[in-house]
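Just so it is clear, none of the values below were taken in a lab; they were calculated from the coordinates. Remember, predicted model here, so these are calculated numbers, not experimental data. Every residue, glycine among them, receives a Cβ derived from its backbone with ideal geometry; neighbour counts consider all protein chains shown.
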Amino acid sequence: MGYPVYVWDDGSSTPERTIYGSGTYWVRYGSVCIQTVDTYYIDMPDSNISVHNNDTVVCIGSVVDLIADDVEGYVYEWMPSEGIADPASPVTTIEATESRTVTLKVNYPGCDPFYRSFYMEVKEVPVVEMPASTTICLGKGHEVHPYIPGADEDYSYSWVPAAGVSDPSSKDVILSPELTTTYYLTVNSGAEDCDVVDSIRISVIPNSIDLVNNDTSLCSGISIPVSVEGHPLFTYYWAPEEGIADPHQANSSITPEASGWVTITASREGCDDMTDSFYIDLQPVPEVNAGPDDTLCGGVPYQLFAGVIPDDYEFYTYEWTPSTFLSDGGVKNPWFTSYTASEDLILEVRTPIGCSSRDTVLLTVVPKRSVLLNVTDTGYCPPGMVQLEASNADSYVWIPGTGLSDDSISNPVANPDESVEYMVIGYTEGCMDTQYVQISVYPQASLYVPDSVTIYAGEVYEVDLASNASYYSWYPPEGLSDVNIANPLAGPYVRTRYFVTATTEHGCTLTDSIDIVVDNGYVFEVPNAFVPGNGFSDNGTFRILKRGEARLDRFEVYDRWGVKVFETSDIEEGWDGRYDGKTQPMGVYVYIIEGSLPTGDKVHLQGNVTLIR
């Protein structure tokens, strides 16, 4: 009969076979000669039950749907069952209270159970602590470092509005708004709807103050208010403190002790100090002494000597009244000259804003004869002279004696080196009389022009003339822009000698000349190096300097590889060191210049120029 033989429908030949699903199966078995076929129907439940939940991250307190395939005949059990609404239902919910693995156990009667699992990570609702508000100055920023316990890399941040935030998606930021702004920070711990919002208000105060006071002038002893308009959060300090009622108040008063600047400084922590100032010109109230009463001869100059305290103030004005017999009623120590009348003179001394005081002096005049002069104020151009003559006295003294032929005669000749006012004193019967005459010595005319200047054909030369004169006359007029000014433009066609006569305001004259030499040649000049873009000298552009009548036909620049980097026929244009819009490297470049002369001759120049950076 032989050994047993087994043949299954899948071709296997073992007595046993593993079945993986429901269906009809057959086997042929027996000896080699006699075999039997049996057929079997196997009903096997499906173990491919799916749970439709993936690993997830949720916020604590959230309710999560648990969903599995609902197949009849299966028994379901969600584990662990804490927080699950119906652990035996394939579709139910779970409340997220902590992170854990959720497992579904599926059982079919008579079969081994199988399991499906997913991980549910539960995130805590963030806790955010940061200041509710703060204040900054315009242009400054405030660092915010919220305290968020338990924050990790899953946390995300969003600041709104984003304007003025250094990084709207960062936890730690610098807030720099231009206006007072409330910023909202939304913090999410890594799960949907697991976020919290907190806010901080940044109040922005100005970074400036307005000083009410302007520069002012005061009489000594006067108080004035000082005031500044600024934010109430600033602290204020007036300096110097001397004379200020309260230097730490925005509104105070000052009784200055000296002229100077008064400065207000506004401060606040985190802000730059703000300062402004105004100047107080403190003017003294003078104490005036017009001098002692006195008796004098009529017609004799008598100088008044006034005393003023304080005497170091520079800007007093003086007013003597009446001023009829005074040399100048507006000076401190005038000369008094009266022939017969006695005077009570009042001196009032004032500062520019009217701080004033006055005093009186009595001058009693003994009448006398007056000295007579034959000349009035006059003057002359050196060399010259003036004949003086006094009369109606017994003897004479001229003061000063400088420039006089004799200072003790009635009719000296005056020939001073500089302008002078002469006083002649005539003595008669014990009294004296004085007269004054101004002899002005007018400055001699001074004049300088170069001996000669060379220009090229077609050029003009502005004459470099130095003189003290007021009026000028040039000859010949041909080739001059103006014959009556100091510095005319000279552009003659041929060599010309120009003569100029300079006349001062007092009629003193002087003549000189200058030769203008005309060179009919030409010059093309180029530098040997230039620095492109140099705004501090004239070599920022490589260009031609032309003199004389020549026309530029071609001006080209080549680099060391023979590439033409610049060309022009305009004498006013130059190379700025760029080619095709790009700056060229430092190095040596070759230039070619071609031009034409009025004669038709051609000019050709070639050389090197160094570009320096």
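Name all residues of region 428-449 having a backbone nitrogen under 17 Å from the label point set 7 Å from the Cα of Thr501 along its Cα→Cβ direction, giving them as ranges.
From region 428-449, the list is 445-448.
Using the Karplus curve 6.51 cos²θ - 1.76 cosθ + 1.60 with θ = phi - 60°, work out ³J(HN,Hα) for each residue of region 480-495 in order, rounded to whole Hz, and write x for Gly and Pro.
With the stated coefficients, region 480-495 comes to 9, 6, 7, 8, 10, 10, 6, 10, x, 8, 10, x, x, 7, 10, 4 Hz.
Compute, for the chain, the length of the dipole vector about the Cα centre, with Cβ point charges of +1 (Lys, Arg) and -1 (Asp, Glu) only. Units Debye, rounded to 20. Don't skip to the end; give the middle numbers.
Details: 28 positive and 89 negative charges, 360 e Å.
I would put it at about 1720 debye.
Considering the options Gly190, Val27, Leu489, tell which one lies farthest towards the positive end of the dipole of the chain, charges being +1 on Lys and Arg and -1 on Asp and Glu at the Cβ, about the Cα centre.
After comparing all options, I get Leu489.
For region 35-111, what is the relative contact order in percent, using Cα pairs closer than 8 Å and at least 6 residues apart in sequence?
Working: 106 pairs, mean separation 23.1, N = 77.
Relative contact order here is 30 percent.
Given R₀ = 41 Å, FRET efficiency for Leu362-Asn468 by Cβ-Cβ distance, to 0.05?
Efficiency, rounded to the nearest 0.05: 0.25.
Which distance in nm do the two modelled labels at Tyr313 and Gln444 give, with both placed 7 Å along the Cα-to-Cβ direction?
4.8 nm
Using a ≥ b ≥ c from the Cα gyration tensor of region 287-366 (square roots of the eigenvalues), is it rounded, prolate or oblate, where a/c under 1.5 gives rounded and otherwise the larger of a/b and b/c decides, a/b for prolate?
On the way: a/c = 2.37, a/b = 2.12, b/c = 1.12.
Prolate shape, in that a/c is at least 1.5 and a/b is the bigger ratio.
Note down the relative contact order for region 522-611 as a percent, whole number, built from C-alpha pairs under 8 angstrom at least six residues apart. Don't jump to the answer; show the numbers that get you there.
Values: 186 pairs, mean separation 26.2, N = 90.
With pairs under 8 Å counted, the relative contact order is 29 percent.
Using the charge dipole of the chain (Lys, Arg: +1 at Cβ; Asp, Glu: -1 at Cβ; taken about the Cα centre), state which of Leu480, Leu605, Tyr115 has its Cα farthest towards the positive end.
So the residue we want is Leu605.
Rounding to the nearest 20 debye, state how big the charge dipole of region 287-366 is about its Cα centre with +1 on each Lys and Arg Cβ and -1 on each Asp and Glu Cβ. If you can, show how the numbers build up before the last one.
Working: 3 positive and 12 negative charges, 35 e Å.
Computed about the Cα centre, the dipole is about 160 debye.
Under a crude label model (7 Å from the Cα following the beta-carbon direction), how far is Asp394 from Ser89 in nanometres?
Going by the 7 Å Cα→Cβ label model, 15.1 nm.
Subtracting the Cα-Cα distance from 0.36 nm times the residue separation, let me have the gained length for Lys602 to Ile485 in nm, one decimal.
Working: separation 117, 0.36 × 117 = 42.12 nm, distance 4.02 nm.
The span from Lys602 to Ile485 would gain 38.1 nm if fully extended.
With Cα extents along the principal axes in Å defined as stated, name the option among (1) 77, 70, 46; (2) 73, 67, 49; (3) 191, 88, 27 computed from the structure displayed.
(3)
Test of understanding: ordering Trp335, Trp320 by Cβ neighbours within 10 Å, fewest first, what list do you get? Walk me through the numbers on the way to the answer.
Details: Trp335 17, Trp320 24.
Ordered by Cβ neighbours within 10 Å, fewest first: Trp335, Trp320.
How high is the FRET efficiency between Ala258 and Ile174 when r is their beta carbon distance and R₀ equals 51 Å, given to the nearest 0.05? Write out the running numbers ahead of the final one.
Values: r = 46 Å, r/R0 = 0.90.
With a Förster radius of 51 Å, E is 0.65.
Along the Cα→Cβ direction, 7 angstrom out, place labels at Asp152 and Ser223. What is the inter-label distance in nm?
7.1 nm
Contact order normalised by length for the chain, with contacts defined as Cα pairs under 8 Å and 6 or more residues apart; what percent is it?
Working: 1476 pairs, mean separation 33.5, N = 613.
Relative CO of the chain lands at 5 percent.
Hey, fewest Cβ within 10 Å first, where do Cys355, Cys33 land in order?
Least crowded to most crowded, the residues run Cys33, Cys355.
Mind jotting down the distance between the C-alpha centroids of region 538-609 and region 112-173, whole Å?
66 Å
Considering the options Cys431, Pro382, Asn411, tell which one lies farthest towards the positive end of the dipole of region 372-441, charges being +1 on Lys and Arg and -1 on Asp and Glu at the Cβ, about the Cα centre.
Of the options given, the answer is Pro382.
Using a 4.7 Å cut-off between beta carbons, which cysteines in the chain end up with no partner cysteine at all?
Cysteines lacking a close Cβ partner in the chain: Cys33, Cys111.
Take the alpha-carbon positions of region 536-613, form their convex hull, and give its projected area averaged over all directions (one quarter of the hull surface) in nm². Walk me through the numbers on the way to the answer.
Details: hull surface 22.6 nm².
The directionally averaged projection comes out at 5.6 nm².
Just to be sure I understand: if I project the alpha-carbon convex hull of region 447-519 onto a plane and average over all orientations, what area do I get in nm²? Could you put the intermediate results ahead of the total?
Details: hull surface 16.0 nm².
Reported value for the Cα convex hull: 4.0 nm².
Apply 1/(1 + (r/R0)^6) to the Cβ-Cβ distance of Asp344 and Asn374, taking R0 = 56 Å, and write down the FRET efficiency to the nearest 0.05. Write out the running numbers ahead of the final one.
Numbers: r = 35 Å, r/R0 = 0.62.
Efficiency, from the Cβ-Cβ distance: 0.95.
Through the Karplus equation 6.51 cos²θ - 1.76 cosθ + 1.60, θ set to phi - 60°, convert the phi angles of region 423-440 into ³J(HN,Hα) values in whole Hz; use x for Gly and Pro.
After applying 6.51 cos²θ - 1.76 cosθ + 1.60, I find 10, 10, 9, x, 9, 8, 6, x, 10, 10, 10, 10, 9, 10, 9, 9, 10, 9 Hz.
Where in region 300-343 is the amide nitrogen less than 14 Å from a point lying 7 Å along the Cα-to-Cβ axis of Asn289?
305-311
Looking at the P(r) of region 210-283, how many percent of alpha-carbon pairs lie beyond 14 Å? Numbers along the way, then the final one.
Working: 1484 of 2701 pairs.
Tail of P(r) above 14 Å: 55 percent of Cα pairs.
Ranking Asp464, Asp451, Asp576 by Cβ neighbours within 10 Å, fewest first, what do you get? Before the final figure, lay out each step's value.
Working: Asp464 12, Asp451 8, Asp576 16.
Going from sparsest to densest Cβ surroundings: Asp451, Asp464, Asp576.
Note down, for region 372-441, the three equivalent ellipsoid semi-axes (square root of 5 times each alpha carbon gyration tensor eigenvalue), biggest first, whole angstrom. Don't jump to the answer; show the numbers that get you there.
Values: eigenvalues 93, 21, 18 Å².
Over the Cα atoms of region 372-441, the semi-axes work out to 22, 10, 9 Å.
For region 133-205, what are Rg and Dmax over the alpha carbons, in angstrom?
Cα radius of gyration and Dmax of region 133-205 are 12.5, 39 Å respectively.
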